[in-house]
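To start, the structure itself, in structure tokens.
The values are calculated or read from the model by the stated rules, or taken from the named source; none is laboratory data. Note that the coordinates shown come from a computational prediction; the quantities given were computed from them, not determined experimentally. Virtual Cβ from ideal backbone geometry, glycine too; neighbours counted across all protein chains shown.
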Amino acid sequence: MMLRPTRRGTLLLVVSALPSLVLLPLGLLWLWQHDGLLWWVLSAVSITALTWAVQRFAGGDPTVDKPGITADRYWPERGQAAWQSVEQLAATIKLEDYPLDSGLSHRVLDLGLATIRSVAQHYHPQAQQPELQVPLPQVLLTTERVCRDLRLLTDYVPLSHRVTLAQWRRIPGLMKLTQAYDLWRMARLVINPAAAVVSEARSKIQGRLLEQSRNELIVWLLQEFVKGTGRHAIDLYSGQLLLDEPTTPGRKDMPPPTPKPAADEPFRILVLGQTGSGKSSLVNALLESVQAPADAVATTEQFTAYLLPQPDDTPVLLLDSPGYSAQPSATALQFFDRELLRADLILLVCAAHHAGRAADHELLTRLRTLYQARPERSPPALIVVLNFIDRLPPPRDWSPPYDLSAADSAKAHSIREAMTAVATQLQLDTIPIIPVRSDAKRVYNVTASLLPAIHTSLETEAERARYLRWLQNQLRSAQWRKTLRQAGQASRVVGQLGRHLGQRLLRKGRRWLSGNKRS
């Protein structure tokens with residue numbers, strides 16, 4: 001949100017500057033009488049030109065970015081939906097519901113609890129008390145983060161690090177200063193009535209304008225309070241908090257409410273397609289070298305990983321997969337489940353000259369089903385690669401590049417029709433479809449269109465999928481580490497208790513034996 005000059009702000013400025021505006025004509029008259037008006041005009045023009053030059057070269061923008069709390073782009077769809085409910089709650093806040101009186105703190109507390117309850121009901125709709133469906137250690141961790149945010153907030157309050165709790169308690173006593181100011185106003189009416197009337201009128205106008213600005217500020221603060229509470233609540237009730245937060249690079253969100261993906265966690269790009277769709281030849285075209293065996297007969301019998309070089313040295317694995325038949329069985333599709341759940345980006349390769357898309361449709365349906373059962377995950381990004389466009393009619397016509405928007409040739413028209421058919425058969429609305437030719441003789445549109453689309457996806461949808469995949473692995477391993485650590489600590493406590501009990505029994509036995517000897 002941008003803050004721009006308003007009529008109310010302009011009026012406030014005019015009222016504040018009214019005494020100076022009144023004195024300006026008198027000052028000009030005095031300068032004219034003393035032959036100094038010309039020098040004053042020259043000085044004013046020089047200062048104005050200098051100010052304009054400084055502002056021009058500084059490139060300053062009169063608008064100011066209003067700070068605000070936004071959603072975490074790494075949240076899955078379920079978290080994004082919860083955030084929408086938080087924003088709707090923030091939009092319903094009205095100033096008249098939060099008057100500045102002694103009960104304000106209780107009303108703000110109720111607002112925060114309502115926000116937490118809204119998020120909790122989103123994740124636990126069947127529970128009678130959804131806000132209690134969260135482990136205690138995660139509640140304590142969230143409390144630590146909220147306190148950290150409050151500590152960071154004090155950095156914007158001047159001298160907050162010097163104010164003690166005892167001084168905070170004395171702040172209400174400062175209200176007595178207003179009583180002294182009221183006495184001065186009454187005395188001024190007696191001493192200088194004319195100046196007092198002008199001052200009171202100006203103060204009245206300024207007070208009305210400042211009150212409106214203050215009201216807008218209070219509403220904005222309450223809305224940000226709801227959003228901040230909702231953001232922490234989503235992290236808490238989604239079950240995606242790591243109790244042992246690893247310090248790993250990769251994310252730049254502020255504040256950092258969740259851990260960051262490890263720098264050495266590679267992106268996983270899964271290349272899928274029917275048998276004979278040209279997956280291996282596409283892998284070779286992406287790698288710009290012959291590494292995957294490609295032939296007219298399917299040669300890939302298992303998932304094979306290759307390292308796809310990146311300009312920023314980000315680790316990216318390109319996985320070539322076995323082709324599936326035109327009518328794959330459920331058992332055959334289950335073979336892909338493990339890699340589908342580990343993929344961050346899927347390149348679905350379709351042969352442009354083959355019309356059968358039922359197997360591809362079955363695979364995409366299975367992909368959606370897998371991730372619908374895992375709302376804590378985000379499905380991998382998807383790019384459809386339309387391969388072998390050179391075999392579309394007319395088959396012997398090959399004179400790239402082709403302008404698909406104009407479709408001014410028979411080949412371009414055929415390519416565009418094939419793309420439309422694939423989008424309709426696979427029910428793809430916003431998924432990019434990129435036509436390529438990937439055979440070793442004449443590679444076309446791989447570097448120009450496919451690689452940029454992959455890089456864009458790695459910075460958006462694929463990055464979120466990778467982070468959530470990494471996070472789930474960390475959560476599982478953290479649970480095991482926590483359990484083993486707790487078991488180890490419990491065994492040490494039991495061992496110490498056993499050793500202490502044994503020592504007590506030994507001392508009692510010695511005393512008993514010593515008593516027998518004395519008897």
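Kindly evaluate PRO311 against the criterion of being modelled with pLDDT under 90 and either more than 19 Å from ALA359 (Cβ to Cβ) or not in a loop (DSSP other than H, G, I, E, B) (or both). For PRO311, the condition - modelled with pLDDT under 90 and either more than 19 Å from ALA359 (Cβ to Cβ) or not in a loop (DSSP other than H, G, I, E, B) (or both) - is met. The lone criterion from (1) in a helix (DSSP H, G or I); (2) within 20 Å of ARG78 (Cα to Cα); (3) touching a residue at least 60 places away in the same chain (Cβ under 8 Å) left unmet by ALA359 is number (2). Under the condition of being of a type in the set (Asp, Glu) and either loosely packed, with under 14 Cβ neighbours inside 10 Å or farther than 22 Å from THR92 by Cβ (or both), which residue from segment 206-224 is modelled with the highest pLDDT? It comes out as GLU216. Here is a check on your reading of the model: is GLY228 in a loop (DSSP other than H, G, I, E, B) and modelled with pLDDT of 65 or more? For GLY228, the condition - in a loop (DSSP other than H, G, I, E, B) and modelled with pLDDT of 65 or more - is not met.
Restricting attention to segment 98-152 and to residues that are surrounded by fewer than 12 Cβ atoms within 10 Å (Cβ to Cβ) and of a type in the set (Ser, Thr, Tyr), the residue that is nearest to GLN88 (Cα to Cα) turns out to be SER105. Being farther than 30 Å from GLU461 by Cα and modelled with pLDDT under 80 holds for only one residue in HIS106, HIS161, and it is HIS161.
For segment 395-409, indicate whether the set of residues that are under 19 Å from SER277 (Cβ atoms), surrounded by 13 or more Cβ atoms within 10 Å (Cβ to Cβ) and either of a type in the set (Val, Ile, Thr) or without any contact (Cβ under 8 Å) to a residue 24 or more places away in the chain (or both) is non-empty. So far as segment 395-409 goes, no, none of its residues is under 19 Å from SER277 (Cβ atoms), surrounded by 13 or more Cβ atoms within 10 Å (Cβ to Cβ) and either of a type in the set (Val, Ile, Thr) or without any contact (Cβ under 8 Å) to a residue 24 or more places away in the chain (or both). Within segment 315-329, restricting attention to residues that are of a type outside the set (A, V, I, L, M, F, W, C) and in a loop (DSSP other than H, G, I, E, B), the residue that is surrounded by the most Cβ atoms within 10 Å (Cβ to Cβ) is SER321.
Does ALA381 satisfy the criteria of being closer than 30 Å to TYR74 by Cβ, surrounded by 13 or more Cβ atoms within 10 Å (Cβ to Cβ) and in contact (Cβ under 8 Å) with a residue 60 or more places away in the chain? For ALA381, the condition - closer than 30 Å to TYR74 by Cβ, surrounded by 13 or more Cβ atoms within 10 Å (Cβ to Cβ) and in contact (Cβ under 8 Å) with a residue 60 or more places away in the chain - is met.
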